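Visitor: Just passing along the structure, written as structure tokens.
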Amino acid sequence: MQSKYLMWTALRGVLAGAAMIVAGSGAPALAEAVPLSTLMASPVEGTWKTQDGPEITVTPCPQGFCGTLSWVVIPKAYQSMCEQDKAAFGALMLDEKNADPALRTRPILGLQMLTLTPTGDSNAFTAKVYNPQDGSTNDISVWIVAQNTMRIGGACLGTICAVTQDWPRVAPREVTPDFSCEGGQ
């Protein structure tokens, strides 16, 4: 949240400075038009809650947009163990199902789970999603629908998919990555 505020403050300062230069030059303001979309965030940016409760935060990255696991809700079956020693429990959340043995000891909190590539439609993306529960990486399609819903689908032909999920947009958390011992499903 703070980084978005700093980015907006910096952008506002740049825009104000540019306006002062044009206004103070005595010349007519003949600036080249800049598409508004270049100044606004992509609709895919933000934090999205998956069907099981974990949250993925999507930000720009060199590949397009990347989603990291920013919040995990511990299943109810493990709630008491988590509550006894949250730090020790968190140290056990590793990418142990990864096909690459060298990556099996990395923490899953903060792990990049989603790589999205823009298409010609600003609300549609091709993507790869990593599933730490089985170590698989799958090709999916992603659409932003109703502004605050990310629809993900696998095995798609056009816009018809065998499996889809809708993830609602949620407010970013103060501290990420983190997890809750309160127990999900």
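Visitor: Based on Cβ point charges of +1 for Lys and Arg and -1 for Asp and Glu, what charge dipole magnitude is obtained for the stretch 41-180 about its Cα centre, in debye rounded to the nearest 20?
Guide: Details: 10 positive and 14 negative charges, 14 e Å.
The dipole of the stretch 41-180 has a size of about 60 debye.
Visitor: Another question, then. For Phe179, Phe125, what ranking results if the residue with the fewest other Cβ atoms within 10 Å of its Cβ goes first?
Guide: Phe179, Phe125
Visitor: Show me, for the stretch 41-56, the HN-Hα J-couplings you get by feeding each phi into the Karplus relation (A = 6.51, B = -1.76, C = 1.60, θ = phi - 60°), rounded to Hz, glycine and proline as x.
Guide: 5, 5, x, 7, 5, x, 10, 10, 9, 6, 4, 8, x, x, 10, 10
Visitor: Continuing with this model, one more query. Using Cβ counts within 10 Å as a stand-in for footprinting exposure, how do Ser122, Ser70 rank, fewest first?
Guide: Ser122, Ser70
Visitor: Compute log10 of I(q)/I(0) for the stretch 41-180 with the Debye formula, placing one identical point scatterer on every Cα and leaving out solvent, at q = 0.11, 0.13 Å⁻¹, to two decimals.
Guide: -0.42, -0.58
Visitor: Leu114's amide H: which non-local residues (gap 5+, or another chain) put their own amide H closer than 5 Å, with H modeled 1.01 Å from N in plane and none for Pro or chain starts?
Guide: Distant-sequence amide H within range of Leu114: Gly67, Tyr130.
Visitor: When Met113, Met150, Met93, Met81 are ordered from fewest to most other Cβ atoms inside 10 Å of their Cβ, what list results?
Guide: Met81, Met93, Met113, Met150
Visitor: From Cα pairs below 8 angstrom and at least 6 apart in sequence, can you work out the relative contact order of the stretch 41-180, rounded to a whole percent?
Guide: Worked out over the stretch 41-180, it gives 25 percent.
Taken together, the values in this text are just the output of simple stated rules run on the coordinates, not laboratory data. If you're wondering where the values come from, they're calculated on a predicted model, not measured in any experiment. Counting neighbours? That spans all protein chains shown, and the Cβs are built from the backbone with ideal geometry, glycine included.
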